[in-house]
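Enquirer: Have a look at the structure that comes next, please.
The values are calculated or read from the model by the stated rules, or taken from the named source; none is laboratory data. In this text, all values refer to a predicted model and were calculated from it rather than measured experimentally. Here Cβ is always computed from backbone atoms with ideal geometry, including for glycine, and neighbour counts include all displayed protein chains.
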Amino acid sequence: MGKLSHTDDKGKALMVDISHKPLEKRIAIATGQIFLQNSTIQLIKENLIKKGDVLTTAEIAGIQAAKQTGMLIPLCHPLPLSDVEVATRIHEQSVEVTSKVITIWQTGVEMEALTAVSIALLTIYDMCKAVDKTMCMGNIHLVEKTKSSPDEKEA
């Protein structure tokens, strides 16, 4: 088993030194779901949740969360984010949240993408908790991460 990057030789937590790494364009995509009752899905579709527009609010919350990841997770570097996209999609029994985060920096943005999804899902939970006691969040995971030269064009 390899050495963990966020611990020193004695096992103490540390922030990884990235000063020697080159700037690279880094992209991370994450996704997750919240499962809801059919009646709650219908209320969301019809924009009848009393707290307001659930999907738009969740998307904005996810964007804000990605920008705060370095403040929320102790060993994450604060990153200059070039772009954050958070999208929601209603399915028959769930809402899926997907985030895409881009930076040109010395370390990746997977934590920012995962944080965006997590907080967007929690926002949906918060907005719907008065009408649905059975909600369940899950399947939050990294879909893809890439890095390339900052001047390389996307395919």
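Enquirer: From the set of residues in segment 62-81 that are part of a loop (DSSP other than H, G, I, E, B) and touching a strand residue (DSSP E or B) at 6+ places or on another chain (Cβ under 7 Å), which is nearest to residue 5 (Cα to Cα)? If you could, list the steps in order and put the result at the bottom.
Expert: Quick first cut of segment 62-81, residues part of a loop (DSSP other than H, G, I, E, B) only: 73-80.
Filter once more, so that each one left must be touching a strand residue (DSSP E or B) at 6+ places or on another chain (Cβ under 7 Å): 75, 79-80.
On the way: 75: 11, 79: 18, 80: 22 Å.
Per the criteria, the residue is 75.
Enquirer: If I go through segment 63-93 residue by residue, how many of them are touching a residue at least 60 places away in the same chain (Cβ under 8 Å) and in contact with a helix residue (DSSP H, G or I) (Cβ under 8 Å, 6 or more places away or on another chain)? It would help to see each step written out before you state the result.
Expert: In the first step, residues of segment 63-93 are kept if they are touching a residue at least 60 places away in the same chain (Cβ under 8 Å); the result is 74-75, 77.
Applying the additional criterion that residues be in contact with a helix residue (DSSP H, G or I) (Cβ under 8 Å, 6 or more places away or on another chain) yields 77.
Total meeting the criteria: 1.
Enquirer: A further question follows. Kindly provide the set of residues from segment 8-39 that are assigned to a loop (DSSP other than H, G, I, E, B) and of a type in the set (Lys, Arg), ordered by number. Before the answer, list the steps.
Expert: Taking segment 8-39 as the starting set, the residues that turn out to be assigned to a loop (DSSP other than H, G, I, E, B) are 8-12, 14-23, 36-37.
Within segment 8-39, 10, 12, 21 meet the criteria.
Enquirer: Let me ask something additional. Do we have residue 55 as among the aliphatic types (A, V, I, L, M) and closer than 15 Å to residue 128 by Cα here? Steps first, please.
Expert: Numbers: among the aliphatic types (A, V, I, L, M): yes; closer than 15 Å to residue 128 by Cα: yes.
Yes.
Enquirer: Looking at residue 97 and the list (1) touching a strand residue (DSSP E or B) at 6+ places or on another chain (Cβ under 7 Å); (2) modelled with pLDDT under 95, which single condition is not satisfied?
Expert: The failed condition is (2).
Enquirer: Oh, and also: Check residue 42 against each of (1) in a loop (DSSP other than H, G, I, E, B); (2) in contact with a Leu (Cβ under 9 Å, 6 or more places away or on another chain); (3) loosely packed, with under 15 Cβ neighbours inside 10 Å and name the one condition it does not meet.
Expert: Residue 42 satisfies all of (1) in a loop (DSSP other than H, G, I, E, B); (2) in contact with a Leu (Cβ under 9 Å, 6 or more places away or on another chain); (3) loosely packed, with under 15 Cβ neighbours inside 10 Å except (1).
Enquirer: Another question, if that's okay. Kindly indicate which of 152, 92, 59 is assigned to a helix (DSSP H, G or I) and among the acidic types (Asp, Glu). Walk me through how you get there before you give the answer.
Expert: On the way: 152 fails: assigned to a helix (DSSP H, G or I); 92 fails: assigned to a helix (DSSP H, G or I).
Going through 152, 92, 59 in turn, the sole match is 59.
Enquirer: Residues in segment 52-66 that are more than 12 Å from residue 89 (Cα to Cα) and either surrounded by 13 or more Cβ atoms within 10 Å (Cβ to Cβ) or of a type in the set (A, V, I, L, M, F, W, C) (or both): how many? Walk me through it before giving the result.
Expert: Just the residues of segment 52-66 that are more than 12 Å from residue 89 (Cα to Cα), to begin with: 52-53, 57, 60-66.
Okay, now just the ones that are also either surrounded by 13 or more Cβ atoms within 10 Å (Cβ to Cβ) or of a type in the set (A, V, I, L, M, F, W, C) (or both), so 53, 57, 60-66.
Selection size over segment 52-66: 9.
Enquirer: Moving on to the next point. Has segment 107-119 got any residue that is surrounded by fewer than 22 Cβ atoms within 10 Å (Cβ to Cβ) and of a type in the set (A, V, I, L, M)? It would help to see each step written out before you state the result.
Expert: As a first pass, look at segment 107-119 and keep what is surrounded by fewer than 22 Cβ atoms within 10 Å (Cβ to Cβ): 107-108, 110, 118.
Next, only the ones that are of a type in the set (A, V, I, L, M) stay: none.
No, because not a single residue in segment 107-119 is surrounded by fewer than 22 Cβ atoms within 10 Å (Cβ to Cβ) and of a type in the set (A, V, I, L, M).
Enquirer: Right, here's the next one. Can you tell me how many residues in segment 117-143 are under 15 Å from residue 60 (Cβ atoms) and in a strand (DSSP E or B)?
Expert: So the first thing to find is which residues in segment 117-143 are under 15 Å from residue 60 (Cβ atoms), and the list is 117-124, 126-127.
Now narrow it down to the ones that are in a strand (DSSP E or B): none.
Selection size over segment 117-143: 0.
Enquirer: Moving to a separate point now. Could you please find all residues in segment 1-39 being in contact with a strand residue (DSSP E or B) (Cβ under 7 Å, 6 or more places away or on another chain) and either of a type in the set (S, T, N, Q) or loosely packed, with under 10 Cβ neighbours inside 10 Å (or both)? Break it down into steps so the answer makes sense when it comes.
Expert: First, pick out the residues of segment 1-39 that are in contact with a strand residue (DSSP E or B) (Cβ under 7 Å, 6 or more places away or on another chain): 6-7, 13-14, 23-36.
Selection gives 7, 31, 33.
Enquirer: I've got another one for you. Quick one: residue 73 ticks every box in (1) under 17 Å from the mean Cα position of the chain (by Cα); (2) buried (at least 16 other Cβ atoms within 10 Å of the Cβ) bar one, so which box is it?
Expert: Residue 73 satisfies every listed condition except (2).
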